[in-house]
Amino acid sequence: MDSAVSSPAVPASPARTRSCAWLGAAALATLVMALCLVLTWQLWDAARRDAERDLRTDFEFAARDVVNQLALRMAAHIQSLRGVQGLFNSSDDVTRQEFADFVRAQHADAEYPGMKGIGYIAALADAGRTAHLARVRAGGFPDYAITPPGTRSAYAPLLYLESFTGARLRALGYDMLSEEPLRQMLEQARDSGQPSMSGKSTVARERGRAASDGVLIALPVYIGRKAPDQVEQRRDLLRGWIYAPFVMEDLMARVGGERGADMLVTVYDGNEVAPAALMAAGAASGVAGAAGLRTEQRIGIAGRRWTLVVQARAGFGDEQRNDAAQLVLTLGLAVTVILSVLTWMLARSSAMARSALRQSLALTGELKAGQQRLVGLADSAQRAQAMMRSILDSTFDAILVDNGDRHILASNQRFRALWSIPAELDLAGDDSAVVAHLLTQLVQAGPLLYSRSLQLADHEEHRELLRLKDGRFIEQLTRPVRLGQEGARLWSFRDITERKQIEQRERAHRHVLELLAHGAPLQAVLGAVVLGVESTNPGMLCSILLLDAEGRFLNTGAAPSLPGFFNAAVDGLPAAPGHGSCGSAAASGRRVIVEDIQTHPDWADYRAIAARAQLASSWSEPIRGASGRVLGTFAIYHRTPHYPSAAHVVLIEQAAQLAGIALEQAQAAQALRVGEERFRSLYDHAPVALWEQDWSDAREAVARLKTCGVDQLGPWLRERPEEAARLAALVRITDVNGAALVHVGAAAKEPGTLGLAQNFGSLGADAFIDALVALTGGALFYECESSFLRVDGVARQHELTLLVMPGHAQSLDFVIASTVDITERKRIDDELHALASTDFLTGLPNRRVFMARLDDQFARLQRSVDECASVLMLDIDHFKHVNDVHGHAAGDAVLRHMAGLMRSGQRKIDTLGRVGGEEFAVLLPGATGPAAQQYAERLRQSVADSPLDGDGRSIAITVSIGIATIDAGDAGPDAALIRADKALYRAKADGRNRVCEHAEATGMAAAKASLSRA
């Protein structure tokens, strides 16, 4: 039993205790080591990402600097070309030596990388080719020729080139227009008046070096000291181009300076990165670095877009690299080892050590996060500022940038000038003051305020047209942009006042012609003429005075803008000299110009009333009818003394002509009304022409057709005229009255004599089909205009009215038709239309009709390459002398005689026209060059051999003629008229009574200029 008692536990040995303690300390130390290693890796990774971000930021700044330096380099090149352009603008004849000395002096103190020379390209027409070759060969180049050989309508040979050595000698005389890319570059520079750059081209280099890829930039040179405003004028006054070739390899050399040496820059033409668009690539030894250090930048140079792909080279940023990540890793491992050892030695105090370590790491993370936020904010601010400046510096419009919440960020100087913003008004911060200043200038504030309230999405644009109180028109474009990470809104403003004024003038003329065509009241038409002139010419006040039937007094016809008391004072103005501009013009039948009312004797009795109305000048043009009789006057007033320009004279002549057409149409309408009243007075007791008809059989036939599936009766009958005739035969005329018999010329009511042909003319015509559709569709009333056949077979026109009598709407067996003959009215309308399109004196088409025929011919030339045409401008020599010596009646006879001679030699396809006082024009389809010259010479000889005989006297007549060929490539038909007019003036300058072609006139002018310089 005693042996069963348990013995006490044996205590653990010291070795085992130490082992457990060692194991516990080791386990704790291992855990600490693992945590420290994880933390060390995180810190190392964060430091590595910071280094990469700094490298990316530095790369983007370097890339942007490369792009900006390239843009500045190209701007310096273009400015160099502008300097040479200034040489040509300052001299009518620049010799080769003057050109070379100027270019060498310009490049003596400046470096232009990539530019392989500066040259001058002459603009040459085919007519001047021979003279050009002779002039250059005589200047020391006996072998000079235009290459490639061949005959073309225009040439652009290279005339000067500096430096003029090596392979560049072969380029002398090369026709730049022979290559399509170079042609497009030269034509774009010619039409825009601005520098234009070609696409990729081959550029010759110095002796011993192969040709390389490059580009060419051309800058137009015009006759005169400034570029013309209109495209047609630029083409006519083109003198040549200043151009420079650039080798892309040399152009891109050392772009960006020392920082650019670490960048690999590739240039593509256009907005796309494609092998076919490659312009220049980095050196072959420049191996790209990390794939992430790459950016695409786009710039616009001389009207062309380049895409720059910038990559970092392999060693980019080595000098900026820091060893923070390596240092963090080394220190982390060292700390890990130390902490692990301390933990193993001081297991019980490790908790305090870990707590301190966590606090230290937390503070370190917060400091790093704060640094990252500061770097990000600085980077965003720099990017936003650079982008904003780039936007403002790349546009010629007035620019304003805000944040979309009524806070102005930036603007350019053009904005302040366009809106006349005073210097003391700050263009930054809150926009309330700026908007208030803008609103004071606008006629309507709504469009600007509405645009201000919009929140535009990406790629969305908003346009408005703003009208200012001073008469200007401004086009506004609002679109969103990105400034760094923030959104903004860009406002651009462009002055389009001149374009709107032209549109308003054309609209006013069309409106007057439409009123005339539609028979509007005379007062409305005259008011439209006056308002049309005033709307397109601010500062003009116009009036129309009408001459009474006796020709003694002038009465107010339209003067909406003149004061009422002034209109009342001149109403009943005597048509006699000394009674203002209008009285003198009506009495003399000639234009009267009064530059200053207060000093002119014609206004002696009316100066006080004119001063009260604040009128200072008065121009008056007599309004004439087709017969030449004075019908009234058209007057233009100004509030300050004014003398009319040539354009003002044309304006007042056109306005008077429109008013004359309106007055004659009103008189014709009055005559027509008098005739109708006389006719009605003779037949007051006669019944109206009435026809009693029965449409019931036709209605039943239509009902059967609809049951067979014919839903669209009108189109169905138009496709089957025989069915329409069959239905018309079912309509019976049951009775007519005497007026109807007279209407159709029938002697009596004979059966079978009268039918629907006396109502509708052709039984398959649209008028009958429309009437049938209307009546069978339930209409009780129908009216139309249609032709009809009298019994004697004569076709006339009348107004037809069909009335379904009450109670017969379902059966259509009682329909009353009434007819009114309108043949005479139609004839008068046609005559009025002819009057509006024909010159009353000569019977030739007037300027408006001639211009319309010219427009049609120009359209045919553009549609067919085989078409050709020429236009002639004719001017009677010394016509003013004929008027002064023989009188205006003789002058009118000369004009009619001239028109008869022109008709005698006219082909059926030719168009003649009187376009001015003694100016005529001829359009010759299918004729160009020698054919037009022969026609003009025959006409000139016929005029010279046919003096005007009458009243015992003989008046010799001669004519000067200018010829121009219509080119399908012209901007419009007016270009040919301008060329013909220039040739006409050359013919008159050379002695009159001769024919001059435009190309010949251009060559003669150049030759005379050369002789005068010599």
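The values are calculated or read from the model by the stated rules, or taken from the named source; none is laboratory data. It should be emphasised that the depicted structure is a prediction, and the values quoted were computed from it without experimental measurement. For neighbour counting, all protein chains shown are included, and Cβ atoms are generated from backbone atoms with ideal geometry for every residue, glycine included.
Brief remarks on what is shown
- Set Thr734, Thr823: member being surrounded by fewer than 16 Cβ atoms within 10 Å (Cβ to Cβ), within 25 Å of Arg673 (Cα to Cα) and either hydroxyl-bearing (Ser, Thr, Tyr) or in contact with an Asp or Glu (Cβ under 6 Å, 6 or more places away or on another chain) (or both): Thr823
- Extreme residue, farthest from the chain's Cα centre (by Cα), among residues of the stretch 975-993 that are basic (Lys, Arg) and either modelled with pLDDT of 95 or more or closer than 20 Å to Gln233 by Cβ (or both): Arg986
- Residue list for the stretch 232-244, restricted to those being more than 16 Å from Ala154 (Cα to Cα) and in contact with a Lys or Arg (Cβ under 9 Å, 6 or more places away or on another chain): Ile242, Ala244
- Any hit, the stretch 927-938, residues being under 27 Å from Asp856 (Cβ atoms), among the hydroxyl-bearing types (Ser, Thr, Tyr), in the same structural domain as Gln862 (by TED's automatic domain parsing) and modelled with pLDDT under 90: yes
- In the stretch 887-926, the residues that are among the small types (Gly, Ala, Ser), crowded, with 18+ Cβ neighbours inside 10 Å and closer than 22 Å to Leu861 by Cβ: Gly913, Ala921
- Whichever residue in the stretch 625-636 is assigned to a loop (DSSP other than H, G, I, E, B) and under 41 Å from the mean Cα position of the chain (by Cα) and, among such residues, is surrounded by the most Cβ atoms within 10 Å (Cβ to Cβ): Gly625
- Per-region count, the stretch 603-625, residues over 23 Å from Ala646 (Cα atoms) and touching a Gly at 6+ places or on another chain (Cβ under 8 Å): 5
- Extreme residue, modelled with the highest pLDDT, among residues of the stretch 411-433 that are closer than 15 Å to Phe396 by Cα and not in a helix (DSSP H, G or I): Trp419
- Selection from the stretch 571-624 of residues that are crowded, with 20+ Cβ neighbours inside 10 Å, touching a Phe, Trp or Tyr at 6+ places or on another chain (Cβ under 7 Å) and of a type in the set (D, E, K, R): Glu621
- Subset of the stretch 58-74 that is aliphatic (A, V, I, L, M) and touching a residue at least 12 places away in the same chain (Cβ under 8 Å) - its residue that is surrounded by the most Cβ atoms within 10 Å (Cβ to Cβ): Ala63
- Looking across the stretch 136-145, the residues that are outside any loop (DSSP other than H, G, I, E, B) and surrounded by fewer than 16 Cβ atoms within 10 Å (Cβ to Cβ) come down to Arg137, Ala138.
- Qualifying residue in the stretch 608-622 (condition: touching a His at 6+ places or on another chain (Cβ under 9 Å) and modelled with pLDDT under 90): no
- Near pairs, Cβ below 8 angstrom, 6+ apart or cross-chain, from the stretch 503-532 (closer than 19 Å to Phe473 by Cβ and at pLDDT below 85) to any residue that is of a type in the set (Val, Ile, Thr) and surrounded by fewer than 21 Cβ atoms within 10 Å (Cβ to Cβ): Gln504/Thr536; Arg505/Thr536; Ala508/Thr536
- The condition (being of a type outside the set (Gly, Ala, Ser) and either without any contact (Cβ under 8 Å) to a residue 24 or more places away in the chain or surrounded by fewer than 16 Cβ atoms within 10 Å (Cβ to Cβ) (or both)) is satisfied by just one residue among Gln79, Gln85: Gln79.
- Being of a type in the set (Lys, Arg), under 26 Å from the mean Cα position of the chain (by Cα), surrounded by fewer than 16 Cβ atoms within 10 Å (Cβ to Cβ) and at pLDDT 85 or above is a property that holds for Arg463.
- On inspection, Val525 does not qualify as of a type in the set (A, V, I, L, M, F, W, C), surrounded by 14 or more Cβ atoms within 10 Å (Cβ to Cβ) and touching a strand residue (DSSP E or B) at 6+ places or on another chain (Cβ under 8 Å).
- Test: residue in the stretch 110-124 that is part of a helix (DSSP H, G or I), of a type in the set (D, E, K, R) and either in the same structural domain as Pro220 (by TED's automatic domain parsing) or crowded, with 17+ Cβ neighbours inside 10 Å (or both): no
- Every listed requirement among (1) crowded, with 19+ Cβ neighbours inside 10 Å; (2) closer than 24 Å to His518 by Cβ; (3) without any contact (Cβ under 8 Å) to a residue 60 or more places away in the chain is met by Phe768 save one, (2).
- Hey, Glu783 among the acidic types (Asp, Glu), part of a strand (DSSP E or B) and within 51 Å of the chain's Cα centre (by Cα) or not: yes
- Check on Asp126, in contact (Cβ under 8 Å) with a residue 60 or more places away in the chain and within 30 Å of Thr965 (Cα to Cα): yes
- Checking Ser762 against (1) exposed (fewer than 15 other Cβ atoms within 10 Å of the Cβ); (2) outside any helix (DSSP H, G or I); (3) modelled with pLDDT under 80, the condition it does not meet: (1)
- Residues being at pLDDT 85 or above and of a type in the set (A, V, I, L, M) are represented in the stretch 309-317 by at least one member.
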